[in-house]
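Asker: The structure's right below; bear with me while I get my questions together.
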Amino acid sequence: NSPNKNGSVLALEFLEEHEENGTGENIEARGQEKIFYLARNSGMEIICPEVLISDISAVMVESKRFTLAQIASWIFVNFLWGISLTKNSKDLVQKIETLLSQLKKDFGINSISDINQELSKSTDLEIKLSLRVEEINLDNLDKEILRMIQSPFQNHGLMNEIGIEMNYIRELFITANLLRVLLKGQNLFAVYGANHVVSQEPAFIKYFDES
């Protein structure tokens with residue numbers, strides 16, 4: 001970023017993706033791309049108010065509402081759903097192996113078989129992931145099933161309950177980071193989806209009522 005010339009801050013949900021994409025031709029997020037480049041060229045400060053999934057998971061573990069295996073299985077399915085949305089298969093095998101290694105370290109998950117076993121108990125939807133990492137690809141990922149299993153807006157079992165809790169904790173972190181900008185007296189322009197607006201509205205109404 002160049003020096004902030006106007007005291008304004010742009011908050012983007014996927015800042016890292018925009019920084020890595022030097023062409024500005026990402027069709028999936030073309031609107032956000034244009035906003036990113038306009039803001040950067042005008043000297044606005046650009047931030048990502050998101051929190052790491054590991055931080056959200058840590059809060060989940062502390063709550064003891066769900067087992068480690070359940071949380072790890074949700075994270076894995078959510079990751080695959082994200083991959084299916086972006087349609088980006090670059091280094092997919094490596095990314096999955098890295099995630100599995102982290103899940104083993106943090107949650108004691110040893111294989112995709114462990115995840116399949118947990119999913120069979122935690123959702124009423126039919127899903128069986130390929131046991132071999134190299135066999136998982138965009139062609140055999142059912143995007144709709146993956147969405148329904150982990151979505152906080154569906155009701156197919158325990159995985160959706162985890163999704164609700166994950167989403168709630170994420171919103172708390174995002175809202176706090178956005179309010180931090182306003183409390184500094186800076187102008188804020190945040191680009192997020194409608195669901196975030198609905199979730200965060202009470203906090204911002206209270207802030208502006210008391211300002």
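The values are calculated or read from the model by the stated rules, or taken from the named source; none is laboratory data. On a predicted model such as this, the values are computed, not experimentally measured, just so you know. Note: ideal-geometry Cβ built from the backbone for every residue, glycine included; neighbour counts use all protein chains shown. All accessible areas refer to the heavy atoms of the entire protein, side chains included, with ligands and DNA or RNA removed. Shrake-Rupley method; radii C 1.70, N 1.55, O 1.52, S 1.80 Å.
Asker: Could you point to the residue in GLY185, THR175, SER199 farthest towards the positive end of region 151-211's charge dipole, with +1 and -1 charges on the Cβ of Lys/Arg and Asp/Glu respectively?
Answerer: Farthest towards the positive end: GLY185.
Asker: Whats the longest run of the chain with zero trypsin sites (Lys or Arg not before Pro) that are DSSP loop and have at most 13 other Cβ atoms within 10 Å? The partial results should precede the final answer.
Answerer: Numbers: sites that count: LYS5, LYS64, ARG65, LYS87, LYS90, LYS128, ARG132, LYS184.
The longest uninterrupted stretch comes out as 6-63.
Asker: For region 28-90, what is Rg from Cα atoms divided by 2.2 N^0.38 Å, rounded to two decimals?
Answerer: Relative to the rule-of-thumb radius for its length, region 28-90 sits at 1.58.
Asker: What distance in nm lies between label points placed 7 Å from Cα along the C-beta direction at LYS121 and ASN88?
Answerer: 3.5 nm
Asker: For ALA58 and SER8, what is the calculated FRET efficiency with R₀ set at 41 Å and r taken between the beta-carbons, to the nearest 0.05?
Answerer: Once the sixth-power term is evaluated, E becomes 0.80.
Asker: Something else now. Between TYR168 and HIS156, what is the spin-label point distance in nm, taking each point 7 Å from the Cα along the Cα→C-beta axis?
Answerer: Computed distance between label sites TYR168 and HIS156 equals 2.2 nm.
Asker: Please say if region 96-161 is rounded, prolate or oblate, where rounded means a/c under 1.5 for a ≥ b ≥ c the square roots of the C-alpha gyration tensor eigenvalues, and otherwise the choice is prolate for a/b larger than b/c and oblate otherwise?
Answerer: Values: a/c = 1.89, a/b = 1.30, b/c = 1.46.
Because a/c hits 1.5 or more and a/b fails to exceed b/c, region 96-161 counts as oblate.
Asker: For the chain, what is the accessible area per residue in Å² when the probe is 1.4 Å?
Answerer: Values: 12330 Å² over 211 residues.
In whole numbers, the chain has 58 Å² accessible per residue.
Asker: Based on the inverse mean of 1/r over its pairs of different Cα atoms, what is the Kirkwood hydrodynamic radius of region 126-180, in Å?
Answerer: It works out to 13.2 Å.
Asker: Let me ask something additional. Carbon and sulfur together cover what percent of the accessible area of region 94-211 at a 1.4 Å probe radius? Intermediate results must be reported in sequence, preceding the final value.
Answerer: Details: 3640 of 7150 Å².
After summing per-atom areas, the C and S share lands at 51 percent.
Asker: Give the residue from ILE149, LEU129, GLY108 lying farthest towards the positive end of the charge dipole for region 103-198; charges sit on Cβ (+1 for Lys and Arg, -1 for Asp and Glu) and the dipole is referred to the Cα centre.
Answerer: Farthest towards the positive pole: GLY108.
Asker: Only sites in a loop by DSSP and with at most 16 other Cβ atoms within 10 Å count here; which GluC sites (Glu not before Pro) in region 97-178 make the cut?
Answerer: GLU126
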